[in-house]
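Presented below is the structure to which this report refers.
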Amino acid sequence: MEIAGKITNILPVQTGTGKAGNEWKKQDIIIQTEESYPKTICITLWGNTIDDKLKQEDSIKASVDIESREFNGKWYTTIKAWKIDLQPSITETQNSVDESAEKAKDNFPFDNSEEIQELPF
């Protein structure tokens, strides 16, 4: 499953040692989806999926696994990312579209700013 949105908060990295003596680290990031009714979602990054280059306001697309488990009669849900892709933001995309349109206009062979008085045929 994929979830896209903008990072609103990056929580500190947490580390520890498992029952088998293996070291682990995880980090939670909070994103807000870019839908007509935005959702706020906490995504957990584990081990090598933690990326120090991520920053607030980055637009990302996360490939995630969603898992729920029961503990003492209560259910807990975790959203674990196994891949994070940086996405261009909406404003960056709009700026590149505007630049492309400007370049295309500059390369257009005819000047349409004045009306043609005579037809060439």
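Some points to look at:
- Candidates 58, 65, 28, 52, filtered to the one that is under 22 Å from residue 87 (Cα atoms) and free of Cβ contacts under 8 Å to residues at least 12 places away in the same chain: 52
- Test: residue in region 36-54 that is under 30 Å from residue 13 (Cβ atoms), at pLDDT 90 or above and of a type in the set (Asp, Glu): no
- Residue that is surrounded by the most Cβ atoms within 10 Å (Cβ to Cβ), among those in region 49-65 that are farther than 23 Å from residue 77 by Cβ and not charged (D, E, K, R): 59
- Members of region 38-88 that are polar (S, T, N, Q) and touching a strand residue (DSSP E or B) at 6+ places or on another chain (Cβ under 9 Å): 40, 44, 49, 56, 59, 63, 68, 77, 78, 87
- Qualifying residues in region 66-105 (those that are among the acidic types (Asp, Glu) and surrounded by 11 or more Cβ atoms within 10 Å (Cβ to Cβ)) - the one modelled with the lowest pLDDT: 92
The values are calculated or read from the model by the stated rules, or taken from the named source; none is laboratory data. In this text, all values refer to a predicted model and were calculated from it rather than measured experimentally. Every residue, glycine among them, receives a Cβ derived from its backbone with ideal geometry; neighbour counts consider all protein chains shown.
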